[in-house]
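Just below is one structure, and these are the notes that go with it.
The values are calculated or read from the model by the stated rules, or taken from the named source; none is laboratory data. A quick note: this is a predicted structure, and the numbers were derived from the prediction, not measured. Heads up, the Cβs are rebuilt from the backbone with ideal geometry, glycines too, and the neighbour counts pull from every protein chain shown. Areas reflect the complete protein model, heavy atoms only, side chains present, ligands, DNA and RNA absent. Shrake-Rupley method; radii C 1.70, N 1.55, O 1.52, S 1.80 Å.
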Amino acid sequence: MERSRDRILTPPAVKQMIAEGHAIVIFEDLVLRLDSWLSRHPGGRLAILHMIGKDATDEMTVYHSAATLKTMRAFVIGRKPPGPWANLTPPIRGGVYHRQEDAVIKIDVAYGSTEEDASPASERGVEGEKAVQPSPPPNVHRRASPQRRSSVCDLLPKEAINVQQPPSDYTDWAVQQEINRDLTDYPSVDPAVQLSIAHKYRLLHQKIRDQGLYNCPISEYGKELARYVSLFVVSMVALRYGWYITSAAFLGLFWHQIMFTAHDAGHLAITHIFVVDTLIGLFIADFCCGLSLGWWKSSHNVHHLVTNHPEHDPDIQNVPLFATCPSFFRSICSTYYDNFVFVWDAAAAFLVPYQRYTYYPIMGVARFNLYLLSWLHVLSARSSSLGRSKAWWIRPTEITFICCYLFLFGYCLIWRALPTWTIRVAFVLVSHVVTMPLHVQITLSHWGMSTSELGETESFAQRQLRTTMDVDCPAWLDFIHGGLQFQAVHHLFPRIPRHNLRKVQVLVREFCEDVDIPYTILGFADGNRKVLGRLGEVSEQLKNLVQCQKYMAETGESGLH
């Protein structure tokens, strides 16, 4: 058994196993087969599916504790060849792998060599694998200028738009413009360049460990608890004296603030113990706020791995209300929502032109949508799949806690404690609208950033910094943002306690300067302007698309040649 784990598995061998339906992931120099772990992974099966065929060393290291990583050795089936691993495209992202029945893999365990006997048609082990966009030569990279980095709207260049083309061609052109911009502003995706970035990122991670920044300053949560209790007590006192709107406002502030700790717990950033942090998160999110922590973790884990990818990141899949890039004009198929197609229909065509104006009103009522998503999750097969794992207790706990919330908030407070329907409706609306800054903060960090796909060679660190921005604020205002102002830092190191993120930010800035990756940080107002600018940009692109459609209709051209 030990000898078989030391065998060298070449890329063709890995491709063949993927074609056979195995979940093969590279971790350090090990080849893991995670088939049996897919349905039991507490972070969800999608987190694994997006790593198939890839070197997931950085992702696995920053998302898991050292103790958890040791358990991965049980899934080792071999080792990769010496040197860097050339990432394959996971099947969930479009990689197509065909089984080759006549391919026979011979592995020399003694010398670690691998031979393959195969017909010419099966030499690659893959046919039709999604092609990675050719990388530009290393010398095409240019460091972004300070003016470029500090741009608020950061819109695509104003160029003459050719409306005498098929709408699909215009959409492809608009998507390509963002890709070209990223290839200019960020380091080359040449494998050697990205390997150097990954190496320095790992050195940075080790430096953070050595400085003890993974240790949670528990005393800070004493201050947090005092603030939460104060807000809740004020709300209940106001309710007792009939100051209903004041009570609603402070209850909303309580929800707004306490969910920051649920976010910490969801990332196991408090005690780093799965059961303890999960129970803390369940109590806050489900019992106190009526929202499913399980739903949040299910979508949030995917969001962290494929940030801002239109087909894969559920956090930006908001059609017909919002479209943050022209890719949505194509009616994308969501891998998160079980291949549900976000159709670009008449509703989207009507709403998206006004999205920069509807942004804040919709953020004001976004919490109601989270109730729906929470119940859809706890009643779904995705949640029930935990019943086959050690985390079986999460689903019944969630259902119990959310029912308790509905009883306490819906029946005891809204129905029994409030005198009239007018006050009841006003109380619900005010308490929920007050949480709007939280939803704005969440979208602020990503909606104004890149959504382009630069291929499988891009390093984890560059992808996170390219798709995420930080919000600049003085240290004394950190409690208002709850750590979400350090989203770029958080995406690089998601398990670091938020009270240490300001210290880590200093190290990340130095890292970005060293590897020449633009570090995007804007004030809260400028960040809002950047998001509104992006929404307006996509609206303009939609207008151009409509012009192309009108031209096709007026001339009778189909665009097919």
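Before we move on, is residue 202 open to solvent by 20 Å² or more (accessible area, probe 1.4 Å) and more than 24 Å from residue 442 (Cα to Cα)? Give the derivation first.
Details: open to solvent by 20 Å² or more (accessible area, probe 1.4 Å): yes; more than 24 Å from residue 442 (Cα to Cα): yes.
Answer is yes for this residue.
For segment 345-391, give me each residue that is in a helix (DSSP H, G or I), closer than 27 Å to residue 543 by Cα and without any contact (Cβ under 8 Å) to a residue 40 or more places away in the chain.
If the condition is that a residue be in a helix (DSSP H, G or I), closer than 27 Å to residue 543 by Cα and without any contact (Cβ under 8 Å) to a residue 40 or more places away in the chain, then 346, 347, 348, 350, 351, 357, 358, 361 are the ones that fit.
Report, by residue number, each residue of segment 12-57 that is more than 22 Å from residue 314 (Cα to Cα) and surrounded by fewer than 18 Cβ atoms within 10 Å (Cβ to Cβ).
20, 21, 22, 28, 29, 33, 35, 36
Determine if segment 66-81 includes at least one residue that is out of contact with any Ser or Thr (no Cβ under 6 Å at 6 or more places or on another chain) and under 19 Å from residue 336 (Cα atoms).
Checking segment 66-81: not a single residue is out of contact with any Ser or Thr (no Cβ under 6 Å at 6 or more places or on another chain) and under 19 Å from residue 336 (Cα atoms).
Criterion first (assigned to a helix (DSSP H, G or I), basic (Lys, Arg) and open to solvent by 60 Å² or more (accessible area, probe 1.4 Å)) does residue 529 satisfy it?
Working: assigned to a helix (DSSP H, G or I): yes; basic (Lys, Arg): yes; open to solvent by 60 Å² or more (accessible area, probe 1.4 Å): yes.
For residue 529, the condition - assigned to a helix (DSSP H, G or I), basic (Lys, Arg) and open to solvent by 60 Å² or more (accessible area, probe 1.4 Å) - is met.
Against the condition among the basic types (Lys, Arg), free of Cβ contacts under 8 Å to residues at least 12 places away in the same chain and more than 23 Å from residue 356 (Cβ to Cβ), how does residue 463 come out, does it pass? Spell out the reasoning first.
Details: among the basic types (Lys, Arg): yes; free of Cβ contacts under 8 Å to residues at least 12 places away in the same chain: no; more than 23 Å from residue 356 (Cβ to Cβ): yes.
So residue 463 does not fit the description; no.
Yes/no per residue for (1) modelled with pLDDT under 95; (2) surrounded by 14 or more Cβ atoms within 10 Å (Cβ to Cβ); (3) under 26 Å from residue 528 (Cβ atoms):
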{"position": "317", "(1), (2), (3)": "no, yes, yes"}
{"position": "326", "(1), (2), (3)": "no, yes, yes"}
{"position": "350", "(1), (2), (3)": "no, no, yes"}
{"position": "354", "(1), (2), (3)": "no, no, yes"}
{"position": "379", "(1), (2), (3)": "yes, no, no"}
{"position": "388", "(1), (2), (3)": "yes, no, no"}
{"position": "398", "(1), (2), (3)": "no, yes, no"}
{"position": "401", "(1), (2), (3)": "no, yes, no"}
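I want to confirm something. Restricting to segment 241-267 and keeping residues that are under 24 Å from residue 423 (Cα atoms) and part of a loop (DSSP other than H, G, I, E, B), which single residue is least open to solvent (accessible area, probe 1.4 Å)?
242
Which residue pairs have Cβ atoms under 7 Å apart, sit 6 or more places apart or on different chains, and have a first residue in segment 311-327 that is in contact (Cβ under 8 Å) with a residue 12 or more places away in the chain and assigned to a loop (DSSP other than H, G, I, E, B) and a second that is aliphatic (A, V, I, L, M) and open to solvent by 10 Å² or more (accessible area, probe 1.4 Å)?
Close Cβ pairs satisfying both conditions: 320/347; 320/351; 321/351; 321/362.
Within segment 505-551, can you find the residues that are touching a Gly at 6+ places or on another chain (Cβ under 9 Å) and within 18 Å of residue 181 (Cα to Cα)?
Scanning segment 505-551 gives 520, 530, 531, 533, 534, 535.
Can you find even one residue in segment 177-184 that is open to solvent by less than 30 Å² (accessible area, probe 1.4 Å) and touching a Lys or Arg at 6+ places or on another chain (Cβ under 9 Å)?
Yes - at least one qualifying residue is present in segment 177-184.
Select from segment 502-561 the residues that are within 30 Å of residue 477 (Cβ to Cβ), β-branched (Val, Ile, Thr) and in contact (Cβ under 8 Å) with a residue 60 or more places away in the chain and list them in ascending order. Step through it out loud before you land on a result.
Here is the first cut: in segment 502-561, the ones within 30 Å of residue 477 (Cβ to Cβ) are 502-515, 517-537.
Checking which are β-branched (Val, Ile, Thr) leaves us with 504, 506, 508, 515, 517, 520-521, 531.
504, 508, 515, 517, 520, 531 - these are the residues of segment 502-561 that are within 30 Å of residue 477 (Cβ to Cβ), β-branched (Val, Ile, Thr) and in contact (Cβ under 8 Å) with a residue 60 or more places away in the chain.
Quick check on segment 474-486. Is at least one of its residues at pLDDT 95 or above, of a type outside the set (S, T, N, Q) and open to solvent by less than 40 Å² (accessible area, probe 1.4 Å)?
Yes: one or more hits.
Are any of the residues in segment 293-300 surrounded by 23 or more Cβ atoms within 10 Å (Cβ to Cβ), among the small types (Gly, Ala, Ser), modelled with pLDDT of 95 or more and in a helix (DSSP H, G or I)?
no
Tell me which residues, restricted to segment 268-282, are over 16 Å from residue 375 (Cα atoms) and in a helix (DSSP H, G or I). Show your work before the answer.
To start, the set of residues in segment 268-282 that are over 16 Å from residue 375 (Cα atoms) comprises 268-281.
Result: 274, 275, 276, 277, 278, 279, 280, 281.
Kindly provide the set of residues from segment 215-228 that are more than 12 Å from residue 499 (Cβ to Cβ) and surrounded by 12 or more Cβ atoms within 10 Å (Cβ to Cβ), ordered by number.
Taking segment 215-228 as the starting set, the residues that turn out to be more than 12 Å from residue 499 (Cβ to Cβ) are 225-228.
225, 227, 228, listed by residue number.
Could you list, in sequence order, all residues of segment 158-175 that are open to solvent by 60 Å² or more (accessible area, probe 1.4 Å) and within 30 Å of residue 516 (Cβ to Cβ)?
First pass over segment 158-175, keeping only residues open to solvent by 60 Å² or more (accessible area, probe 1.4 Å): 158-160, 162, 164, 168-169, 172-173.
Within segment 158-175, 158, 159, 172, 173 meet the criteria.
Go through 328, 283, 342, 232 for me and flag whichever is more than 28 Å from residue 215 (Cβ to Cβ) and more than 20 Å from the chain's Cα centre (by Cα). Talk me through it step by step, then tell me what you get.
Working: 328 fails: more than 20 Å from the chain's Cα centre (by Cα); 283 fails: more than 28 Å from residue 215 (Cβ to Cβ); 342 fails: more than 20 Å from the chain's Cα centre (by Cα).
Exactly one of 328, 283, 342, 232 is more than 28 Å from residue 215 (Cβ to Cβ) and more than 20 Å from the chain's Cα centre (by Cα), namely 232.
Among residues belonging to segment 433-470 that are of a type in the set (D, E, K, R) and open to solvent by less than 10 Å² (accessible area, probe 1.4 Å), point out the one that is nearest to residue 181 (Cα to Cα). Talk me through it step by step, then tell me what you get.
From segment 433-470, those of a type in the set (D, E, K, R) are 453, 456, 458, 463, 466, 470; that's our starting set.
Next, only the ones that are open to solvent by less than 10 Å² (accessible area, probe 1.4 Å) stay: 466, 470.
On the way: 466: 11, 470: 20 Å.
Among those residues, the one meeting the criterion is 466.
Given the criteria touching a residue at least 24 places away in the same chain (Cβ under 8 Å) and of a type in the set (Asp, Glu), does residue 210 qualify? Please lay out each step first, then the result.
Details: touching a residue at least 24 places away in the same chain (Cβ under 8 Å): no; of a type in the set (Asp, Glu): yes.
Judged against the criteria, residue 210 is not a match.
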